[in-house]
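The values are calculated or read from the model by the stated rules, or taken from the named source; none is laboratory data. Nothing here was measured: the structure is a model prediction, and the numbers come from that model. Don't worry about glycine lacking a Cβ; one is built from the backbone with ideal geometry, like all the others, and counts go over all protein chains shown.
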Amino acid sequence: MIRLENISKTYQTDKVETMALRDINLHVKKGEFVSIMGPSGCGKSTLLNLIGLLDRPGQGKIAVDGKEMKVWRDKELASFRNRTFGFIFQSFHLINDLRVIDNVELPLLYRSSSAKERRRLAEEALAKVGLSARIDHYPNQLSGGQQQRVAIARAMVGRPGVLLADEPTGNLDSHMGAEVMDIMLKLNHEGTTVVMVTHDEQQAKQGGRIVRVFDGQLVA
């Protein structure tokens, strides 16, 4: 489903050139749960951003469902990304001035969905994460675990085939983190492909495969 071939990524500043990733070859199959692990600064988040088409590689090829990334214009790429991927981050990135239901609807604003359809899909997504009673609350009225569940609902509202999670439990206690993992595992069992960056070995082992990154390279 997702294939990275000979991927390298370099970041250039005025004085320093940093090789973030080097010669990455990775194939994520449809329906997999892949956990990406490695020390801080090793390139995990850069790799996840490339998988999710949020960034372009310096060298190499990225293909999703057989479609190669580099042949698309930015507008086409953004549309494909919106339909294909849902994103969850360590910091929940909710908009505090918007109600929960409005936060969840946000990805659908970039589609031709009607207001009624957006509301229906957002309510369904919130029901899946157990927050139907909180749709009119604001993010600052929720616990950290509840905010992350809202973020998961937002990520899945457009029914993407792939869920990308960057340290999704990093700001949560163990109980809330377990709840978030349970939701992602359930989505995976229902057919969603999940790629997760994590420092937590126990959580990583709950997925189907662990990919380890060290100094910008995949290691056994």
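Laid out as a table, the results:
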item	result
Verdict on residue 136 being of a type in the set (Asp, Glu), surrounded by fewer than 23 Cβ atoms within 10 Å (Cβ to Cβ) and closer than 27 Å to residue 34 by Cα	no
Residue that is surrounded by the most Cβ atoms within 10 Å (Cβ to Cβ), among those in the stretch 26-57 that are farther than 18 Å from residue 5 by Cβ and of a type in the set (A, V, I, L, M)	37
Residues being more than 15 Å from residue 45 (Cβ to Cβ), among the hydroxyl-bearing types (Ser, Thr, Tyr), in a strand (DSSP E or B) and at pLDDT below 95 - total across the stretch 1-19	1
Qualifying residue in the stretch 76-88 (condition: assigned to a helix (DSSP H, G or I), loosely packed, with under 13 Cβ neighbours inside 10 Å, more than 16 Å from the chain's Cα centre (by Cα) and touching a residue at least 12 places away in the same chain (Cβ under 8 Å))	no
Residues that are within 14 Å of the chain's Cα centre (by Cα) and within 26 Å of residue 7 (Cα to Cα), drawn from the stretch 169-216	192, 193, 194, 195, 196, 197, 198
Residue match in the stretch 11-25 (condition: closer than 19 Å to residue 158 by Cβ, surrounded by 19 or more Cβ atoms within 10 Å (Cβ to Cβ), out of contact with any Asp or Glu (no Cβ under 8 Å at 6 or more places or on another chain) and not β-branched (Val, Ile, Thr))	no
Verdict on residue 166 being among the acidic types (Asp, Glu), under 13 Å from the mean Cα position of the chain (by Cα) and surrounded by 13 or more Cβ atoms within 10 Å (Cβ to Cβ)	yes
Single condition residue 34 does not satisfy, out of (1) touching a residue at least 40 places away in the same chain (Cβ under 8 Å); (2) on the phi > 0 side of the Ramachandran plot; (3) of a type in the set (A, V, I, L, M)	(2)
Residue list for the stretch 89-104, restricted to those being part of a helix (DSSP H, G or I) and either under 18 Å from the mean Cα position of the chain (by Cα) or of a type in the set (A, V, I, L, M, F, W, C) (or both)	100, 101, 103, 104
Residue 91, sole failed condition from (1) modelled with pLDDT of 95 or more; (2) within 20 Å of residue 170 (Cα to Cα); (3) polar (S, T, N, Q); (4) surrounded by fewer than 20 Cβ atoms within 10 Å (Cβ to Cβ)	(1)
Only one of 126, 185 that is surrounded by fewer than 20 Cβ atoms within 10 Å (Cβ to Cβ), part of a helix (DSSP H, G or I), on the phi < 0 side of the Ramachandran plot and among the hydrophobic types (A, V, I, L, M, F, W, C)	185
Within the stretch 58-75, considering residues that are among the charged types (D, E, K, R) and in a loop (DSSP other than H, G, I, E, B), the one surrounded by the most Cβ atoms within 10 Å (Cβ to Cβ)	65
Check on residue 155, small (Gly, Ala, Ser), farther than 18 Å from residue 95 by Cβ and in contact with a strand residue (DSSP E or B) (Cβ under 9 Å, 6 or more places away or on another chain)	no
Hits in the stretch 188-220 (condition: surrounded by 17 or more Cβ atoms within 10 Å (Cβ to Cβ), assigned to a loop (DSSP other than H, G, I, E, B) and either at negative phi or among the basic types (Lys, Arg) (or both))	192, 198, 200, 207
